[in-house]
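First up is the structure itself, then whatever we jot down about it.
The values are calculated or read from the model by the stated rules, or taken from the named source; none is laboratory data. Predicted, not measured: the structure shown is a model, and the values here were computed from it. Ideal geometry is used to build each Cβ from the backbone, glycine not excepted, and the neighbour counts take in all protein chains shown. Heavy atoms of the whole protein, side chains included, go into the accessibility calculation; ligands, DNA and RNA do not. Shrake-Rupley method; radii C 1.70, N 1.55, O 1.52, S 1.80 Å.
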Amino acid sequence: MFLLRKIYCRTFQTVFRIAIPFLPYRNPKIIPAVSGITDVCRKYAVESVMIVTDAGIRALGLTDFLEKTLKEEGISYCVYDRTVSNPTIQNVEEARKMYLEHEAQGIIAFGGGSSMDCAKAAGARIVKPRQSIRQMRGLLKVHRRLPLLIAVPTTAGTGSETTLAAVITDSEKHYKYPINDFSLIPRYAVLDYHETLGLPKSITATTGMDALTHAVEAYIGNSTTKETREMAEEAVSLIYQHLKNAYEDGRNKEARSGMLRAAYCAGVAFTKSYVGYIHAVAHSLGGQYGTPHGLANAVILPIVLRMYGSACWKKLAQLARKAGVVEQGLSDEETAKCFIDWIQEMNDSMEIPRHFPQIRRKDIPVMARHADKEGNPLYPVPVLMNRKELERIYEEVKGR
């Protein structure tokens, strides 16, 4: 990257880091069980809600208890269950239309990151009907308080129940629009491990590694705070303790509860300290090929950490030691490399591929341009890369 652009990026990031204590970040209030949602609705005098989920979750009956509880408590509801794995502008507009037709007063996002992203973006469109999703992309374009938003994660990884971000896919342009605004942070998060029991192994693996990516990228960036470092350390420690157990035994209550907490902690960490090029590249792969976000992050994570090299060794080593992943006594370089090896071993043991050979080389320049636009100057990464340098990541992810 040219020197002047580096100076611009680092100056931009420094300003944001200084501003963090003064910005209106907030952590969602935690509801320990789905049954507590109706109490919150009564508190806000909400008599009608829209549930945003996907067809798979609805077909499995995961929303049945929530729907039954709402009905028993006299709260009217409608269900938008057409959310796809990388939610589209069409999903958002359909959900918005249903909300208005039902005269709903609040939104319950029920599912993984896709359902939550769709719910957040629909809420943004509801309060800003004259502003399109394309116009909302980027930083602080919403500015208005959303309807009551309650997030119920059924996977443990995305952290969307804590974040100010929603990522929406433009199907026509094969591009993802990250929307970031404080108003998108849900007011409540339901951390009920019962909703994650029996989650399929593949989803357990990729969402768990998604949470790990959030924690790692937040920690090695240049915009950390004491709180975000502690949250990232707790997240990695919990993932180290519980992810494989949750993967091997989907009904392990302790493991499921631990992973929900890990996802929440990682979400808090990256909401305030941001992510990095791993996410930027993953978003472009999702926009171009529909690659599930957690899977993309899992594959890209060890590749990019190795490419960062010595620029991230010290922080990676500190994270590995604090989380108990690597024993004490090794040098920063040795500890960091052991930590990256552990990440790769986790991927391998959960049948996550090492590469995406389906990447077409002709698509790489376009995806790198999208990643460059998303990542620079916002993401406080250990090593700054321009579009041409980012293309190397796609080559590595494709595999030689």
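Would you check which residues across the stretch 170-214 are part of a strand (DSSP E or B) and either open to solvent by less than 10 Å² (accessible area, probe 1.4 Å) or aromatic (Phe, Trp, Tyr) (or both) and list them?
170, 175, 177, 179, 188, 189, 190 - these are the residues of the stretch 170-214 that are part of a strand (DSSP E or B) and either open to solvent by less than 10 Å² (accessible area, probe 1.4 Å) or aromatic (Phe, Trp, Tyr) (or both).
The rows are residues; the columns are (1) under 20 Å from residue 380 (Cα atoms); (2) modelled with pLDDT under 95; (3) of a type outside the set (A, V, I, L, M); (4) touching a Lys or Arg at 6+ places or on another chain (Cβ under 9 Å).
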residue	(1), (2), (3), (4)
233	yes, no, yes, yes
237	no, no, yes, yes
250	no, yes, yes, yes
254	no, no, yes, no
283	yes, yes, yes, yes
300	yes, no, no, no
303	yes, no, no, yes
311	yes, no, no, no
332	no, no, yes, yes
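Matching residues to (1) out of contact with any strand residue (DSSP E or B) (no Cβ under 8 Å at 6 or more places or on another chain); (2) among the aliphatic types (A, V, I, L, M); (3) at pLDDT 95 or above:
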site: 109; (1), (2), (3): no, yes, yes
site: 112; (1), (2), (3): no, no, no
site: 121; (1), (2), (3): no, yes, yes
site: 124; (1), (2), (3): no, yes, yes
site: 148; (1), (2), (3): no, yes, yes
site: 155; (1), (2), (3): no, no, no
site: 160; (1), (2), (3): no, no, no
site: 163; (1), (2), (3): yes, no, no
site: 167; (1), (2), (3): no, yes, no
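So in the stretch 356-383, with the set limited to residues that are aliphatic (A, V, I, L, M) and outside any loop (DSSP other than H, G, I, E, B), which one is most open to solvent (accessible area, probe 1.4 Å)?
Here the residue is 366.
Restricting the search to the stretch 147-162, which residues are buried (at least 23 other Cβ atoms within 10 Å of the Cβ) and among the hydrophobic types (A, V, I, L, M, F, W, C)?
149, 150, 151, 152, 156
So which of 20, 31 is surrounded by 15 or more Cβ atoms within 10 Å (Cβ to Cβ) and modelled with pLDDT under 95?
20
Given 212, 164, 149, 191, which one is in contact with a Pro (Cβ under 9 Å, 6 or more places away or on another chain) and within 30 Å of residue 315 (Cα to Cα)?
Criteria check complete, one pass: 191.
Have a look at 74, 36 and point out the one that is of a type in the set (Gly, Ala, Ser) and on the phi > 0 side of the Ramachandran plot.
74
Identify all residues within the stretch 191-223 that are at pLDDT 95 or above, more than 16 Å from the chain's Cα centre (by Cα) and of a type in the set (Val, Ile, Thr); write none if there are none.
Within the stretch 191-223, 220 is the sole residue that qualifies.
Which residues, counting only those in the stretch 354-378, are more than 20 Å from the chain's Cα centre (by Cα) and either of a type outside the set (Lys, Arg) or within 27 Å of residue 10 (Cα to Cα) (or both)?
Result: 355, 356, 357, 358, 359, 363, 364, 365, 366, 368, 369.
So if I check each of 356, 339, which one is over 21 Å from residue 167 (Cβ atoms) and among the aromatic types (Phe, Trp, Tyr)?
339
Let me spell it out: the conditions are (1) open to solvent by 50 Å² or more (accessible area, probe 1.4 Å); (2) part of a helix (DSSP H, G or I), and residue 353 meets all of them except one. Which number is the exception?
So residue 353 meets the others, but not (2).
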